[in-house]
Amino acid sequence: MVEKPSRYLGGEINSVVKSDAGVKLRMALAFPDTYEIGTSHFGMQILYELINARPDCAAERVFAPGTDMAALLKSSLIPLSSLETRKPLAEFDILGFSLLYELNYTNVLMILDLAGIPFYAADRSSSHPLIIAGGPCTVNPEPVAPFFDAMVVGDGEPVVPDLIDSWIQWKDSGSLNRTELLKAWAKIRGVYIPAFFKAVTGESGRQQTVSIQSGYDMVCRAVAPNLDEAPFPDRPVIPFGRPVHDRLRLEIARGCTRGCRFCQAGMIYRPVRERSIQVLSGLVEKSLENTGYEDLSLLSLSTGDYTCLTPLIQHLSSQYSHRRLAISIPSFRAGTLSPELMEIIRDIRKTGFTIAPEAGSPRLRTVINKNITEAEIAETVSTAFNLGWQLIKLYFMIGLPTETDEDVEQIVELVRRLKKLRPHGRRGGNINVSVATFIPKPHVPFQWCGQQDPVRAKQKIEFLRRRISGRGVDVKWQDPETSRLEGVFARGDRRLAPVLVAAYKNGCRFDGWSDSFDKPAWDEAFSATGVDPDEFLRPVSLNDHLAWDHIDTGVSGDFLKAEYQKAVCGQSTSDCRRGDCQGCGVCDFEQCMPRVAVNENQVPILSATGFQQGESLTPSFRRIRFFYSKLGPARFFGQLELVNIFLRALRRAGVVPAYSAGFHPKPKIAFGDALPVGMESMAESFYLTLEAPGPGDDICRVINRQLPDGLVVTGCMPDKELRSVPERPGQAVYRITLANGLRFDNQAYQAFLDASTFDAVFTSRKKVDKRVDLKAVVTRVFRIRPDCLQMRVIQPDGLTLRPGPVVGAIFPSLPGTALQQARILKLGQDMENDGAPSGSGDIL
């Protein structure tokens, strides 16, 4: 196993590339959304590390390409491949999808299509990979069940190893009968085999899913009973680009006992299981060492409910203060901010603070079992503002069961009262109000309710927008039409599979993105297949069969019905974490039960590490100029991305940068003029101020061990004069090599050499045209080969010239794409001797 960046597309730090030796099973983990979103999902990271930890297995990754890239792959007949080894997806043994969001379903079909794999399981043969799926959407798998061979319901950690063991045993037996494998998989708790069930239509016209396999009537959700014993990645892949969550993300707990009657996650992830402080501390230490991250986010469904949150933050803040680790807590439940915790939070970096009242009136909050008072909401908002948060995010839903116009009006009144709590006399204090249409998801007490039609939902949103928006308050909302489609696929049955195929063929992709959602295309798909989408959004009798009745999440149907009746009667249910067991049915109190962290003061609050006891903590700064090359795949790194890559590599290498003062300290690192994306260079540099002595003469070598392919530190030197970092490129030498057999026109080349002046017009960044004499700018030029040109360029006043436009001006007959496809290499900066003969001319 090689745990370093590969030479292929991907190649991130901590990505894993395995040879075929000893590997029996290759699995591709597919995320049906963009790389920037998918790499931020730690469920995929958990499975990636879990599978690759086995010497007999290899896991690789693939994400949904953008629509432009998908079209290019399709037209070029290039199959979609994995990031790690560029292996076509059709050549894997298993292709596993993460299903987190119903509006990603068309992207599942796009990935299969680009891989050349038939959509329907019934149309695939033994030559195709097995297609499986997991994630929260599998609690109602029916709308997409015909596309999958198997689906995992519940936690993947206890299931995936058993799936792998069964597959290897089946493969070693020499059997080609997939039904035998599916029967073995069906015996694993949490595994749903769609082929072993069929849909039948009941008297009410609704579909019910029934078993056709003896002894396999119900699929019970798999639960990882103890998170301290469950795998969690301490070497997470560090994504390139700008992922939506570019930080270390730590799952401190799973599950919630608040019992909100609309919340699917709060029901299907029960019981509450918390990781201990000791385990979390170990994960943070290893993860920071392996990633170099500077930001840590503590995550769970309700982070503020973590039993030992105060001692955990105290420990992390003390242990890693010398690393300037920024700890973020994305949300607190109103009423959970203790005075002790508030004091700790004063030192935490603050961006946005999220509170979800969900409803404006106390009556409706009781109906949905959101057991927080307006006083608690106001106190939390006021406290957050006073502690330094500049943005408060409030989440509300419309269309909740029993909602009246007065309840909607109460959202306006609540926001207005909270607006008055904004701090006076300083910046910040803004409120973002997000509004979404309630969706009655499966396995919640409100699963029998209907969903509000988009027309009425739009009227309510417009009412709220007009009444709330103003200075310091911004209203955002989810399009009720996309909420309608989400509700259809959340509550639907197998009749939706052909609708999905029709919509995909109509061009539907990335349906959760407002700029991609195509309602007419979806309307046409429903019409062409004869399926009425509104059928799935109507209220259902408590006695009706539901398409997902064969999936047992552990929460009993009787409990859900009782909660529904209590909602109708306006009664609340207390949190079982702090009161009596409510009898939801999840816990057997043997294997499956609540597990909370215990504060036994066993984790010492350590002083800053990295210094010997008794050593002065007064930093001794020194400034160093590092030189590096940026070649091959590294040429696609943008400047901001490059800064992050180097800073994290430095941290992993144990090189401690100095930081600026202030509320948000920044590492003292400075890069000069940004190299254009796509250009290579052998002569880049940056300045770094060190807080403590580095690893001496080996500093370049230890940094290079932590850099991805294409980036190499070539040397360093002390910057004793503390020179300013140049903002514009100086004199530099470039080599331009054309591709696809193109050559530099000899006549144009000779004309430039013979000219005494050569005027050309270039446009500055401020969109101002400027005439430049290129003979004064290009001080030396010669051809190495007919397709290869080398030139020395100095910069004119008031304009930054890149070699591409300069070459384009000298050789106007070159096709427009020639310079885009050419290799442009910066050989040196401020070079007196560029290897050229005196004067200009050819080297043939």
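Table for the structure above
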{"quantity": "The stretch 373-387, residues that are part of a helix (DSSP H, G or I) and either within 14 Å of L414 (Cβ to Cβ) or not aliphatic (A, V, I, L, M) (or both)", "calculated": "E374, A375, E376, I377, A378, E379, T380, V381, S382, T383, F385, N386"}
{"quantity": "Residues located in the stretch 253-304, provided they are open to solvent by 20 Å² or more (accessible area, probe 1.4 Å), within 21 Å of P442 (Cα to Cα) and in a helix (DSSP H, G or I)", "calculated": "Q264, A265"}
{"quantity": "Residue, farthest from V531 (Cα to Cα), within the stretch 196-209, restricted to residues that are surrounded by 15 or more Cβ atoms within 10 Å (Cβ to Cβ) and touching a strand residue (DSSP E or B) at 6+ places or on another chain (Cβ under 9 Å)", "calculated": "F196"}
{"quantity": "Selected residue (only one of P194, P233 is farther than 24 Å from E60 by Cβ and either touching a residue at least 60 places away in the same chain (Cβ under 8 Å) or not β-branched (V, I, T) (or both))", "calculated": "P194"}
{"quantity": "The lone exception for L690 - which of (1) in contact with a helix residue (DSSP H, G or I) (Cβ under 6 Å, 6 or more places away or on another chain); (2) open to solvent by less than 20 Å² (accessible area, probe 1.4 Å); (3) at pLDDT below 90; (4) not aromatic (F, W, Y) it fails", "calculated": "(1)"}
{"quantity": "All positions within the stretch 508-533 that are in contact (Cβ under 8 Å) with a residue 40 or more places away in the chain and outside any loop (DSSP other than H, G, I, E, B)", "calculated": "P533"}
{"quantity": "Residue that is farthest from R258 (Cα to Cα) [pool: residues in the stretch 389-407 that are at pLDDT below 90 and open to solvent by 30 Å² or more (accessible area, probe 1.4 Å)]", "calculated": "Q390"}
{"quantity": "Selection from the stretch 811-829 of residues that are part of a helix (DSSP H, G or I) and open to solvent by 10 Å² or more (accessible area, probe 1.4 Å)", "calculated": "L819, Q820, Q821"}
{"quantity": "Selection within the stretch 210-238 - part of a loop (DSSP other than H, G, I, E, B), of a type in the set (V, I, T) and open to solvent by 20 Å² or more (accessible area, probe 1.4 Å)", "calculated": "I212, V223"}
{"quantity": "Residue within the stretch 243-252 that is in a strand (DSSP E or B), open to solvent by 20 Å² or more (accessible area, probe 1.4 Å), more than 18 Å from E60 (Cα to Cα) and modelled with pLDDT under 95 present", "calculated": "yes"}
{"quantity": "Single unsatisfied condition, W185 versus (1) outside any helix (DSSP H, G or I); (2) without any contact (Cβ under 8 Å) to a residue 60 or more places away in the chain; (3) touching a strand residue (DSSP E or B) at 6+ places or on another chain (Cβ under 6 Å)", "calculated": "(1)"}
{"quantity": "Hits in the stretch 101-114 (condition: without any contact (Cβ under 8 Å) to a residue 60 or more places away in the chain and either open to solvent by 10 Å² or more (accessible area, probe 1.4 Å) or of a type in the set (D, E) (or both))", "calculated": "L114"}
{"quantity": "Residue tally, condition open to solvent by less than 20 Å² (accessible area, probe 1.4 Å) and more than 26 Å from G38 (Cα to Cα), over the stretch 495-520", "calculated": "0"}
{"quantity": "Flag if G554 is in a helix (DSSP H, G or I) and crowded, with 19+ Cβ neighbours inside 10 Å", "calculated": "no"}
{"quantity": "D155 acidic (D, E) and surrounded by fewer than 19 Cβ atoms within 10 Å (Cβ to Cβ)", "calculated": "no"}
{"quantity": "Qualifying residue in the stretch 336-350 (condition: modelled with pLDDT of 80 or more, buried (at least 18 other Cβ atoms within 10 Å of the Cβ) and not hydroxyl-bearing (S, T, Y))", "calculated": "no"}
{"quantity": "Tabulated pairs, the stretch 626-648, first under 26 Å from R324 (Cβ atoms) and part of a helix (DSSP H, G or I), second of a type in the set (S, T, N, Q) and open to solvent by less than 10 Å² (accessible area, probe 1.4 Å), C-beta under 9 angstrom, 6+ apart or interchain", "calculated": "R648/T291"}
{"quantity": "Those residues of the stretch 521-551 which are open to solvent by 60 Å² or more (accessible area, probe 1.4 Å) and more than 23 Å from Q452 (Cβ to Cβ), in sequence order", "calculated": "E524, A528, G530, N543, H545, D549"}
{"quantity": "Condition broken by P423, with the remaining ones in (1) modelled with pLDDT under 95; (2) surrounded by 15 or more Cβ atoms within 10 Å (Cβ to Cβ); (3) in a loop (DSSP other than H, G, I, E, B); (4) touching a helix residue (DSSP H, G or I) at 6+ places or on another chain (Cβ under 7 Å) satisfied", "calculated": "(2)"}
{"quantity": "Subset of the stretch 632-643 (residues that are at negative phi and surrounded by fewer than 18 Cβ atoms within 10 Å (Cβ to Cβ))", "calculated": "F636, G638, Q639, L640, E641, V643"}
{"quantity": "Residues of the stretch 624-648 that turn out to be under 20 Å from the mean Cα position of the chain (by Cα) and charged (D, E, K, R), as a count", "calculated": "2"}
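To keep it simple, each residue is scored yes or no on (1) in contact with an Asp or Glu (Cβ under 9 Å, 6 or more places away or on another chain); (2) outside any helix (DSSP H, G or I); (3) among the polar types (S, T, N, Q).
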{"position": "L100", "(1), (2), (3)": "yes, yes, no"}
{"position": "N104", "(1), (2), (3)": "yes, no, yes"}
{"position": "N107", "(1), (2), (3)": "yes, no, yes"}
{"position": "M110", "(1), (2), (3)": "no, no, no"}
{"position": "K171", "(1), (2), (3)": "yes, no, no"}
{"position": "V200", "(1), (2), (3)": "no, yes, no"}
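The values are calculated or read from the model by the stated rules, or taken from the named source; none is laboratory data. Predicted model, so just to flag it, every value in this text is computed and none were measured. Because the Cβ atoms are built from the backbone with ideal geometry, glycine has one as well, and the counts that use them run over all protein chains shown. Surface accessibility is based on the protein's heavy atoms, side chains included, excluding ligands, DNA and RNA. Shrake-Rupley method; radii C 1.70, N 1.55, O 1.52, S 1.80 Å.
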